[in-house]
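Single-structure report; data block below.
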């Protein structure tokens, strides 16, 4: 039996605090997270969001599927159930039970294929959607 899904209260269709957070992120890393969070928002009509622990999180209803973070030298696109995502390009990092992330913008890493990351975001959304709908 799978672990119970993590749920967050107070999700919104569009959270103004997230737009404010995204607009505060400067330079290329800011551009990256704005673009990838827009992809998350476009996954479906059921996408809700909230700023949680200081980071934008995209949810299917109240179940988070992805997030973005900005650090001084890189940005992350993260997945709440990332350990179960297909990762043929081996982009996912992390050793936790479920969560994984893709690091973006590090000069020491080759660039991430945009189509592959878009596929991963869509797959994360679909996996959560299917689990929620099966409950």
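The values are calculated or read from the model by the stated rules, or taken from the named source; none is laboratory data. No experiment lies behind these values; they were computed from the predicted model shown. Cβ placement follows ideal geometry from the backbone for every residue including glycine, while neighbour counts extend to all protein chains displayed.
Annotations
- For the range 77-99, the set of residues classified as in a strand (DSSP E or B) and either at pLDDT below 95 or more than 22 Å from residue 44 (Cα to Cα) (or both) consists of 93 only.
- Put simply, of 19, 45, 87 the only residue that is free of Cβ contacts under 8 Å to residues at least 12 places away in the same chain and within 19 Å of residue 127 (Cβ to Cβ) is 45.
- Hits in the range 89-135 (condition: touching a helix residue (DSSP H, G or I) at 6+ places or on another chain (Cβ under 8 Å) and loosely packed, with under 13 Cβ neighbours inside 10 Å): 96, 97
- Of the strands (runs of 3 or more DSSP E) that lie entirely inside the range 34-76, not one contains 2 or more residues that are crowded, with 19+ Cβ neighbours inside 10 Å, modelled with pLDDT under 95 and in contact with a helix residue (DSSP H, G or I) (Cβ under 7 Å, 6 or more places away or on another chain).
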